[in-house]
Amino acid sequence: MGMASAPSLNTYALNMKFLLIACVVTANAIEPMIDRSSPLFTLYETIYAFHIPMFALAMGYFAKSFRLDRTGIDGLYTIAYQYVLFQTLYSLADIVFFQAKGVIHSFFMPYSLLWFLLSHFCWRLLLRAFVHLRHPLIVSLLLGVAVGYLPWPGAWLSLSRTLVYFPFFLAGYFLPQHWETIVKRLRMPAFLLGAAVICYFWLGGRIDPRWLYGSFTYAEAGHPEWYAGIYRLGMYGVQAAASIAFLSLVPWAAGRITDWGKRTGYVFLLHAFILKSLLAAGVYVYLQTPWSQGLAIIAGFGIVWLLSQPWVETYAKRWFEPDITFVKRLILKSQRTP
């Protein structure tokens, strides 16, 4: 079997990104209904078993060229800008319209899905230190276990998720350039591992979602025992198995989803405005039957398709990725001023 070319690997990665964002939106679309539907709860847990680890792995793969040079710093500026912008917009929308319970409006407490931006920013900075370690993956796993013992809420500054999912980011970064053979050889064992995880969920097995989120300390998850870190190691095993199974299902051939995979950032940042608006408007109150709940899943895919279209990028790009040269000039000027 020949080695994969760079274009085929990029095609695979873009296909993976699109399928992942489709899973993210699906999970968010059904979340308000999982307490009243066992099948939806099972689907929700199945998606959460792999979608966060896989997104972290994808970001690590696309960070292979990251350096703390001008291009890399510009990328960090963009991530920071998007976090500040959308943390502000979502917080204002929540105060005025969504009015979700228990939300803390603070730049130190990422709003809903925005934790991923903050974690992605930190992952790129951590990367420069970890690439010089002898056993970076082992060290990152130990940190992912240790962060669960924090004496304060793990959601602050997204510290818990940053360290819990950093091993997957590193795994993506260290993937060899030609890994098509590895994925294809793992297809059958991956299928069996994934089938075992899915069967566990669909046969009635349950995992406390707090363990799947990665944002809760052990005490917050109801396990203050000194040995609670073993549970996280077990979760790493479950998520790795589910993730490998997902990778084996991603198509290698280019198609429409490949093009849509180039614009997953717009889907990620905008879809919650739509879903939270529907929730605040009371639409979910009427979704009680299996048929109507199925429509919510279809609507989720519709949102993904809509926000993946080129016209969204055309109108949103200048707001999402503006020219921030003037900001950098102000910072440099302030640094030079005695």
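The values are calculated or read from the model by the stated rules, or taken from the named source; none is laboratory data. Predicted model, so just to flag it, every value in this text is computed and none were measured. Cβ placement follows ideal geometry from the backbone for every residue including glycine, while neighbour counts extend to all protein chains displayed. To get the accessible areas, we keep the full protein, side chains included, count just its heavy atoms, and leave off ligands, DNA and RNA. Shrake-Rupley method; radii C 1.70, N 1.55, O 1.52, S 1.80 Å.
Over 26 Å apart at the Cα level, from the set Lys17/Lys276; Lys64/Lys276; Lys64/Lys317, are Lys64/Lys276.
Around Cys122, with a cut-off of 14 angstrom between Cβ atoms, what is the net charge of the other residues, counting Lys and Arg +1 and Asp and Glu -1? Within the 14 Å Cβ shell, the charges total +3. For the chain, adding -39500 (n - 2.57) for each run of n ≥ 4 DSSP H residues and dividing by the number of residues yields -21000 deg cm²/dmol at 222 nm.
With a Förster radius of 22 Å applied to the C-beta separation of Asp35 and Ile138, the computed FRET efficiency comes to 0.05. Put Ser277, Ser38 in order of accessible area, highest first, and with a 1.4 Å probe you get Ser38, Ser277. Note on the stretch 1-97: semi-axes of the ellipsoid equivalent to its C-alpha gyration tensor, largest first and rounded to whole Å, are 30, 25, 9.
Packing-based ranking of 79-88, 156-165, 305-314 yields 156-165, 79-88, 305-314, ordered from highest to lowest mean Cβ neighbour count within 10 Å.
Could you look at the chain and say what percent of its accessible area is carbon and sulfur, using a 1.4 Å probe and all protein chains? The nonpolar share, carbon plus sulfur, comes to 70 percent. Taking every protein chain into account, the accessible area of the stretch 7-333 amounts to 49 square angstrom per residue (probe 1.4 Å). Tally Lys and Arg at +1 and Asp and Glu at -1 over the other residues with C-beta under 12 Å from the C-beta of Glu313: what net charge comes out? Surrounding charge for Glu313 is +2. Averaging 1/r over every pair of different alpha carbons in the stretch 181-322 and inverting the result gives a Kirkwood radius of 18.8 Å.
Extension gain, Ala196 to His105: 0.36 nm times the residue separation minus the Cα-Cα distance gives 28.7 nm. Relative to its residue count, the chain spans a Cα convex hull of 169 Å³ per residue. A cut-off under 14 angstrom between Cβ atoms defines the neighbours of Phe166, and their net charge, with Lys, Arg +1 and Asp, Glu -1, is +4.
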